[in-house]
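The values are calculated or read from the model by the stated rules, or taken from the named source; none is laboratory data. Quick caveat, the model's predicted, so the values are computed rather than measured. Here the Cβ positions follow ideal geometry from the backbone for every residue, glycine too, while neighbour counts run over all protein chains shown.
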Amino acid sequence: PQPANDRTTIAAISTPPGAGGIGIIRISGPQALTMMQQVFRPADRHCSYTSHRLYYGKIVEPSSERFLDEVLAVYMAAPRTYTREDVVEIHAHGGHLVLQSILELLLAGGAHLAQPGEFTKRAFLNGRIDLTRAEAVIDILSARTRKGVDLALEQMSGTLYRCVDAMRTSLVRLRALLEVAIDFPEEDVEIIDRPALLEQLEDDVLQPLHSLITSSTQGRLLREGALVVIVGLPNVGKSSLLNTLLQQERALVTPVPGTTRDTIEEYVDIGGLPIKLVDTAGIRDDAGEIERLGIERARNSINRSDLVLFVIDGSRELTVEDRNLFQAVCHKPLLTVINKSDLPQRLDRDSETTICDNGLTISALNHDGLAALKQQIFERITGGREQWQEEGCAPNLRQDIALQQAQRSLLLVRQGLEDGVSNDLIAIDLLDGLNHLGEIVGETTTEDMLDVIFNQFCLGK
Ligand code: GDP
Ligand code: ZN
């Protein structure tokens, strides 16, 4: 990392586009205070700025002193700031034109427009946060359920970092022992106690590594959610079911990361999982249902789905259309939902075992059986509650890949220790494992990797 004082001063609008009560412009870098003073006129003309204190005043165009907005400004001296550099925040009125014109003044005064994620990247490069904490910021911004936010906050507080750090410390110790043994190869006595090393490797590194890798499935589900597609003939109650679930369990509505901010998707929060529910009939309403299945979009969402809810109407007998539709989707993980339990039942469950066995009986109208349905959806998607940890880390895909690479190298270390392979060869695999763990926290990271990570941020963060 380059030292902070070599850096440019960056500025960006840090609040989302669209009108709000206030909007914030953030400036970070060695020139932050100077740039603020070029455009800010405090109400108390002779004030000298105390760090971390808000000042009331005006923003003016420096050449003409033309008044642009009434604002609050705060100067925060390094290093007690988000980036560990000097930071200024200008709290202006939230209209985008106001914010844009203030930003333009700052850019004209020499500030550089911040790249997406650049503030957080600086926090990382200046050593304030490690890479797992920087990535947690992305997760907080894009979490879709409260549980997702909680896990991200936990990662932000350093849970994953500490876990990886403990493994690295332990490996460094093992490595030191191996180095000693390599330096004295001709000694008759065995300098290192291999059984003890093996035990330490197992308990302090391989075990925790394994459970982290297991929990990354949970991380993926929490971040990306799952797609549940509702399939069934017209009038079985698909839309009613969808609407009832949406009303009961509407999840946080958030922008999809990596896309423009106006792509909003809605999720249902089931046990903390963000679940995207799609009603296949909603895709086109004029054609017949089976025909609709031929439509590429319906087929697409069924193919991509993690679970199909196959809805039938319990108040009537099954028809050949129901059976055909079932055949078209039964290659997917599927849950049969027998709707309209409030009406007299005419469905012959005993002769329709393929479709009805393990089916759940509900009434979308009266909300009967919905709790059991949600429970089933959760269990089918997570693979059963036992595999679902209530707390702990949830590594993301990048972290998971590095964890698995580390695991591969360290299993070779274990093998080598067991098979009596020479210490210098074992040391090579051990170093490899250490490096992969280092990638997770950002100790051994390439510039390309950093670009990929920080490009996921939105502007101003
Ligand atoms: P879709 O075509 O599969 O989306 O079915 P709808 O949700 O539009 O429902 C079709 C009809 O069935 C509507 O008149 C609903 O009010 C009714 N309906 C849906 N669910 C139930 C239920 O659980 N019980 C009863 N009695 N009627 C229902
Ligand atoms: Zn419908």
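Would you call Thr83 among the hydroxyl-bearing types (Ser, Thr, Tyr) and within 14 Å of Thr9 (Cα to Cα)? Here the answer is yes, as Thr83 does meet what is asked. Within region 26-76, being under 38 Å from the mean Cα position of the chain (by Cα), among the basic types (Lys, Arg) and closer than 18 Å to Leu107 by Cα holds for one residue alone: Arg26.
Scanning region 94-110 for residues that are touching a Gly at 6+ places or on another chain (Cβ under 8 Å) and either crowded, with 22+ Cβ neighbours inside 10 Å or part of a loop (DSSP other than H, G, I, E, B) (or both) gives Gly94, Gly95, Leu99. Within region 346-368, being buried (at least 18 other Cβ atoms within 10 Å of the Cβ), outside any helix (DSSP H, G or I) and free of Cβ contacts under 8 Å to residues at least 60 places away in the same chain holds for Leu347, Glu352, Gly359, Leu360, Thr361, Ser363.
In the condition set (1) outside any helix (DSSP H, G or I); (2) crowded, with 19+ Cβ neighbours inside 10 Å, Arg80 is compliant with all but (2).
For region 447-461, a tally of residues being of a type outside the set (D, E, K, R) and in a helix (DSSP H, G or I) returns 5.
Yes/no matrix, rows are residues, columns are (1) part of a helix (DSSP H, G or I); (2) touching a residue at least 12 places away in the same chain (Cβ under 8 Å):
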{"position": "Cys393", "(1), (2)": "no, yes"}
{"position": "Arg398", "(1), (2)": "yes, yes"}
{"position": "Ile401", "(1), (2)": "yes, no"}
{"position": "Gln404", "(1), (2)": "yes, yes"}
{"position": "Leu411", "(1), (2)": "yes, yes"}
{"position": "Arg414", "(1), (2)": "yes, yes"}
{"position": "Asp424", "(1), (2)": "yes, yes"}
{"position": "Gly433", "(1), (2)": "yes, yes"}
{"position": "Thr445", "(1), (2)": "no, yes"}
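The condition (being closer than 25 Å to Leu241 by Cα and within 16 Å of ligand 2 (Cβ to nearest atom)) is satisfied by just one residue among Leu318, Leu360, Leu365: Leu365.
Here is a check on your reading of the model: is Glu418 under 28 Å from the mean Cα position of the chain (by Cα), of a type in the set (Asp, Glu) and at pLDDT below 95?
Spelling it out, it is not the case that Glu418 is under 28 Å from the mean Cα position of the chain (by Cα), of a type in the set (Asp, Glu) and at pLDDT below 95.
Could you please let me know if Arg304 is in the same structural domain as Gly383 (by TED's automatic domain parsing), away from ligand 2 (no atom under 16 Å from the Cβ) and at pLDDT 55 or above? Yes. Cβ-Cβ distances below 8 Å connect the following pairs, each with a first residue in region 313-326 that is in the same structural domain as Cys356 (by TED's automatic domain parsing), a second residue that is within 12 Å of ligand 1 (Cβ to nearest atom) and assigned to a helix (DSSP H, G or I), and a separation of six or more residues or different chains: Glu321/Glu289; Leu325/Glu289. Within the set Ala371, Ala427, the sole residue that is modelled with pLDDT of 90 or more and more than 16 Å from ligand 1 (Cβ to nearest atom) turns out to be Ala427. When region 143-158 is filtered for residues that are of a type in the set (S, T, N, Q) and buried (at least 19 other Cβ atoms within 10 Å of the Cβ), the ones remaining, listed by number, are Thr145, Gln155. Just one of the listed residues (Arg175, Arg162) is in contact with a helix residue (DSSP H, G or I) (Cβ under 7 Å, 6 or more places away or on another chain), surrounded by fewer than 22 Cβ atoms within 10 Å (Cβ to Cβ) and part of a helix (DSSP H, G or I), namely Arg175.
In the list Ser28, Ser14, which residue meets the criterion of being assigned by TED's automatic domain parsing to the domain that holds Leu105, modelled with pLDDT under 95 and either of a type in the set (Val, Ile, Thr) or at negative phi (or both)?
Unique residue meeting the criteria: Ser14.
Among the residues in region 86-93, are any at pLDDT 95 or above, in the same structural domain as Gly21 (by TED's automatic domain parsing) and in a loop (DSSP other than H, G, I, E, B)? Yes: one or more hits.
If the condition is being of a type outside the set (A, V, I, L, M, F, W, C) and closer than 27 Å to Thr214 by Cβ, then region 359-386 contributes Lys374, Gln375, Gln376, Glu379, Arg380, Thr382, Gly383, Gly384, Arg385, Glu386. Please find, among Leu434, Leu397, the residue that is closer than 30 Å to Ala123 by Cβ and surrounded by fewer than 17 Cβ atoms within 10 Å (Cβ to Cβ). None of the others qualify; the one that does is Leu397.
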